[in-house]
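Data block below; observations after.
The values are calculated or read from the model by the stated rules, or taken from the named source; none is laboratory data. The structure presented is a predicted model; accordingly, all values stated were derived computationally and were not measured. In this analysis, Cβ positions are derived from the backbone assuming ideal geometry, glycine residues included, and neighbour counts consider all displayed protein chains. Calculation scope for accessible area: heavy atoms of the full protein, side chains included, ligands and nucleic acids excluded. Shrake-Rupley method; radii C 1.70, N 1.55, O 1.52, S 1.80 Å.
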Amino acid sequence: MKKYFNDPRPITVRYQGTCAECGKTLKKGTEAYYWPSDGKIYCLSCGESEYRQFLSAAADEAVYQGIGNPFAC
């Protein structure tokens, strides 16, 4: 699967912030999901489903383009 600059990704928080959805405080060192295109950060519980949807769509696109299924054995 090809990676692009604005692809969402899991990160370790370097500065204290808040989840864009639930408002939970994200302290330095906690895990979170980051969407660079929006500049938003989500806690693990809020961002998990959206991140999995992104991975699924990216895998489908890779298969459609003939790159192959990265999840096949």
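A compact table of results
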| read-out | value |
| --- | --- |
| Residue order for Y4, Y15 - accessible surface, 1.4 angstrom probe, largest first | Y15, Y4 |
| Extended-chain gain in nm, criterion 0.36 nm per residue less alpha-carbon gap, S37 and T12 | 7.2 nm |
| Highest average packing first - 20-31, 39-50, Cβ atoms within 10 Å | 39-50, 20-31 |
